[in-house]
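Worksheet: the structure to be examined is printed underneath.
The values are calculated or read from the model by the stated rules, or taken from the named source; none is laboratory data. The shown structure was predicted, so the numbers you read here are calculated from the model rather than taken from an experiment. Glycine gets a Cβ as well: all are built from the backbone with ideal geometry, and neighbour counts include every protein chain shown.
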């Protein structure tokens, strides 16, 4: 009996697929892990299409994944101080959630140790309080011990200096954002969940992991997605086609 194994299929002639690497990471497409990954990818695409058409799913097991790179939400006061009086945050690119957008504006983040992160993106719209969301890798680079917090939980957080094109501000509000799911109340209900629940999310694939204590955050009109930071996403081999599986 032959011991040869099937090789990975050639990637499609499409820049996104060539850059992805999920297919190329599977060396034996006859093994059980590869079969599970293929079934997961097909199921996730079918479920996405059904959701987009407003159709109910009998077993909504999969959930899209979003990778949240370092970014900053500014207060109005800090927007003016960093970029000049009269400055308003304008969309460069709209994000998945309604009303949220990336701007062209960036700042440098300077830690108390004098370490610097350049060109950290500003997201809009403005918030009542400035919130700076970094990863553990960023924290190591800055020589800071940054707490993992839910969005908005900013009391007793460390301060950094933000350097903009017009001015400089020193502010607290530096966190590592806890893993969370954005969704509408209806989407949460489809999983048997509600706002404030915590679930586990399994990431299939050759580098797959299960993330615990993922907070469910519901808001009318929000779109279903899990937010992971870059460290979590890289550890689990998350790519443009990866979906998670919610374990309730």
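Scanning the range 212-227 for residues that are out of contact with any helix residue (DSSP H, G or I) (no Cβ under 9 Å at 6 or more places or on another chain) and farther than 7 Å from residue 182 by Cβ, which turns out surrounded by the most Cβ atoms within 10 Å (Cβ to Cβ)?
226
Yes or no: the range 141-152 includes at least one residue that is in contact (Cβ under 8 Å) with a residue 40 or more places away in the chain and assigned to a strand (DSSP E or B).
For the range 141-152, residues in contact (Cβ under 8 Å) with a residue 40 or more places away in the chain and assigned to a strand (DSSP E or B): absent.
Among the numbered conditions (1) over 19 Å from residue 116 (Cα atoms); (2) surrounded by 21 or more Cβ atoms within 10 Å (Cβ to Cβ); (3) modelled with pLDDT of 95 or more, tell me where residue 146 comes up short.
All conditions pass for residue 146, except number (1).
On the given criteria, is residue 233 out of contact with any helix residue (DSSP H, G or I) (no Cβ under 6 Å at 6 or more places or on another chain), part of a helix (DSSP H, G or I) and free of Cβ contacts under 8 Å to residues at least 12 places away in the same chain?
Values: out of contact with any helix residue (DSSP H, G or I) (no Cβ under 6 Å at 6 or more places or on another chain): yes; part of a helix (DSSP H, G or I): yes; free of Cβ contacts under 8 Å to residues at least 12 places away in the same chain: no.
In short, no.
Could you identify the single residue in 170, 105, 93 that is at pLDDT 95 or above and out of contact with any helix residue (DSSP H, G or I) (no Cβ under 9 Å at 6 or more places or on another chain)?
Details: 105 fails: out of contact with any helix residue (DSSP H, G or I) (no Cβ under 9 Å at 6 or more places or on another chain); 93 fails: at pLDDT 95 or above.
After ruling out the rest, the residue left standing is 170.
If you go through the range 168-184 one residue at a time, do you hit one that is more than 14 Å from the chain's Cα centre (by Cα), in contact (Cβ under 8 Å) with a residue 24 or more places away in the chain, surrounded by fewer than 14 Cβ atoms within 10 Å (Cβ to Cβ) and not in a strand (DSSP E or B)?
Within the range 168-184, none of the residues are more than 14 Å from the chain's Cα centre (by Cα), in contact (Cβ under 8 Å) with a residue 24 or more places away in the chain, surrounded by fewer than 14 Cβ atoms within 10 Å (Cβ to Cβ) and not in a strand (DSSP E or B).
If you go through the range 86-108 one residue at a time, how many are over 27 Å from residue 170 (Cα atoms) and assigned to a loop (DSSP other than H, G, I, E, B)? Quick ask: steps written out before the conclusion?
Here is the first cut: in the range 86-108, the ones over 27 Å from residue 170 (Cα atoms) are 93-99.
Pick out the ones that are also assigned to a loop (DSSP other than H, G, I, E, B) and you get 95-99.
Residues meeting the conditions: 5.
Hey, residue 209 hits all of (1) in contact with a helix residue (DSSP H, G or I) (Cβ under 9 Å, 6 or more places away or on another chain); (2) exposed (fewer than 13 other Cβ atoms within 10 Å of the Cβ) but one; which does it fall short on?
(2)
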